[in-house]
Every structure is written in structure tokens, then in C-alpha cells.
Amino acid sequence: MAGPKLSDEVKAFIIQSLACFDGLAVVVAAVKREYGIEISKQLCESHDPTKKAGAKLGERWRVLFEETRKSFLEDTSTIAISHRAVRLRALQRMADKAEGQGNMVLASSLLKQAAEEVGGSYTNRRELTGKDGKDLPVPVSPVTIFQLPDNGRG
């Protein structure tokens, strides 16, 4: 059974969703929600040129997949959660709800996460030099390590 005949618009939607790393179940549900069409995971997978099932996908669709994936990987600005302000707003909503429900452990955890977010804990910044570009101080080991005898265990 081949499944429903899909319009080019639906095919493009499936291919672009897969190119953005949406899982099969997510794409199947989105096609039903957006177009009212029920498709199988197998039909969905046949539109992914990185899978064996999509090996026979036409050149036009392969190009669309590759261009979409390249754009997706290069431009995170379109992904809301990639922005600190969006993450902080979401944490604020969650913390308010947790506190409102009396879940102080969760609220506290969310507040800590927000503080880490603001403090830059989730960035990849590394200090490679000391103050004013000088060398970093050499750390001194606080513990002197002694060689223990092997007591005959070799």
C-alpha cells in the first residue's frame, strides 16, 4: 500500500520538517494537524534522503532537504529557545506556576537555573588570559601527593 497521494506542498512540508531534525512521529502529527492527512511513519521516512527509505527521492526534493538543513544549522536566530530572554521568560512562567502550586523545591531549582542563565553558565566563553591580557596564574596544588608503598602487591 503506497499511502495517500501527497501534493507538492505537503511533500515540501515533510521534507523541510525532516531536514530540521523533527522526528517521524512529530512530522506525522504535524501533517495531520496542518493538512488533515494521515500518513504513516514509513511514508514520512521515504521523504528523508539520509535514510535508506528515501534513497529514491527525486533530485528536486534532495536539494530542498539539503538547503533547508544547511540553513537550519547555520541560523539559530529563528529558534526562539536559542535566545536568553526567551529562556528566562519561560523559566519565570514555570517558577511562578511552581510557587503558586506550593512546589518550593521545583521553584527553587528554577530560580537557580535562571541565575545560572544570567550568570553565563550556559555559554562557551573561556578566559584564556589573566587581567589586562597578562598570563593566568599557575594554580598551586593545595594537596601534596605522596607515593604510597605497594606493600608487596607489585
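Of all residues assigned to the range 127-139, none qualifies as being exposed (fewer than 11 other Cβ atoms within 10 Å of the Cβ) and modelled with pLDDT of 80 or more. Do the conditions hold for S46, that is, is it free of Cβ contacts under 8 Å to residues at least 24 places away in the same chain and touching a Lys or Arg at 6+ places or on another chain (Cβ under 9 Å)? Spelling it out, S46 is indeed free of Cβ contacts under 8 Å to residues at least 24 places away in the same chain and touching a Lys or Arg at 6+ places or on another chain (Cβ under 9 Å).
Considered as a group, the residues in the range 1-20 that are of a type in the set (G, A, S) and buried (at least 16 other Cβ atoms within 10 Å of the Cβ) include one that is nearest to D75 (Cα to Cα), and that residue is A19.
Selection of the range 21-48 for residues being assigned to a loop (DSSP other than H, G, I, E, B), within 21 Å of the chain's Cα centre (by Cα) and surrounded by 14 or more Cβ atoms within 10 Å (Cβ to Cβ) yields D22, D48. Please tell me if L64 is of a type in the set (A, V, I, L, M) and surrounded by 15 or more Cβ atoms within 10 Å (Cβ to Cβ). Answer is yes for this residue. Residues in the range 1-41 that are of a type outside the set (A, V, I, L, M, F, W, C) and under 21 Å from R69 (Cβ atoms): 9 in all.
The values are calculated or read from the model by the stated rules, or taken from the named source; none is laboratory data. None of these values were measured; they are calculated from a predicted model. All Cβ positions, even for glycine, are placed from backbone atoms using ideal geometry, and neighbour counts span all protein chains on display.
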